[in-house]
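Mind looking over this structure? Questions follow.
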Amino acid sequence: MKQSQAKAMIDDESLIDAGPLLDKEPLIDNEHWLNVAQRCPSPNFNHRPEDEISLLVIHNISLPPKQYGGPFVQDFFCNRLDIKADPYFAEIAHLQVSSHLFIRRDGTIIQFVPFNQRAWHAGLSHYSGRDNCNDFSIGIEMEGCDDESYTDFQYASLQQVTVLLIQAYPDISTDRITGHEFISPKRKTDPGRAFKWQRLFTGLKC
Ligand SMILES: [Zn+2]
């Protein structure tokens with residue numbers, strides 16, 4: 001996609017109420033950070049073995065499950081989850097995981113890992129004849145759960161970010177966007193039936 005086309009999509013009037021993203025023109029900088037995202041650097045990343053970025057993987061997470069707005073996802077992805085804060089946390093606190101982005105219910109975006117690095121979001125996974133999707137994908141976590149509608153703010157932020165990512169990393173095309181449930185079908189169910197794929201793709205207009 002040409003830069004002008006991407007910009008036109010970002011300027012779409014339907015996104016006027018998109019929330020925090022529109023405070024300044026969003027872009028991905030030379031260090032592979034999204035300028036409108038809050039930065040919460042995670043130690044859970046390493047190098048991509050082939051420097052390839054050709055897939056977008058959508059997830060969901062909420063901590064504790066189905067509770068929104070707290071600091072616990074950031075804490076989890078930065079290996080500082082307080083196991084005394086909730087009984088569930090003892091089950092997961094030992095895991096070392098991350099994503100590139102986390103989109104909160106209000107549309108706010110938090111970035112943990114620069115896009116050119118390999119975040120640890122997919123685990124055992126398979127896409128189009130290849131294993132280990134972390135090697136070549138960008139992971140986006142939507143704050144939510146499989147069976148509760150995502151917010152308008154979240155779809156607006158996700159659409160804008162997806163346009164930017166396709167522009168910055170053209171090997172990600174609209175037909176190379178998938179969900180964790182599809183690349184790890186026996187282990188994972190996110191982003192779940194609540195996620196409206198058509199709403200994402202309609203918003204992309206490409
Ligand atoms: Zn997932």
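How many residues, within region 174-188, are away from the ligand (no atom under 16 Å from the Cβ) and either out of contact with any Cys (no Cβ under 6 Å at 6 or more places or on another chain) or under 20 Å from Ile110 (Cβ atoms) (or both)?
Looking only at that region, the number is 2.
Limited to region 116-173, what total is found for residues that are outside any loop (DSSP other than H, G, I, E, B), within 15 Å of the ligand (Cβ to nearest atom) and surrounded by fewer than 18 Cβ atoms within 10 Å (Cβ to Cβ)?
1
Search region 52-65 for residues that are under 23 Å from Pro87 (Cβ atoms) and pair each with any residue that is away from the ligand (no atom under 14 Å from the Cβ) when their beta-carbon atoms are under 6 Å apart and the residues are at least 6 apart or on different chains.
As it stands, the answer is Ser62/Tyr68; Leu63/Phe72; Pro64/Asp86; Pro64/Tyr88, since those pairs meet every condition given.
Condition check ((1) at pLDDT below 95; (2) of a type in the set (Asp, Glu); (3) under 15 Å from the mean Cα position of the chain (by Cα)) across all residues:
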site: Ile28; (1), (2), (3): no, no, yes
site: Arg48; (1), (2), (3): no, no, no
site: Ala93; (1), (2), (3): no, no, no
site: Asp106; (1), (2), (3): no, yes, yes
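The values are calculated or read from the model by the stated rules, or taken from the named source; none is laboratory data. Nothing here was measured: the structure is a model prediction, and the numbers come from that model. Here the Cβ is made from the backbone with ideal geometry for all residues, glycine too, and neighbour counts use every protein chain on show.
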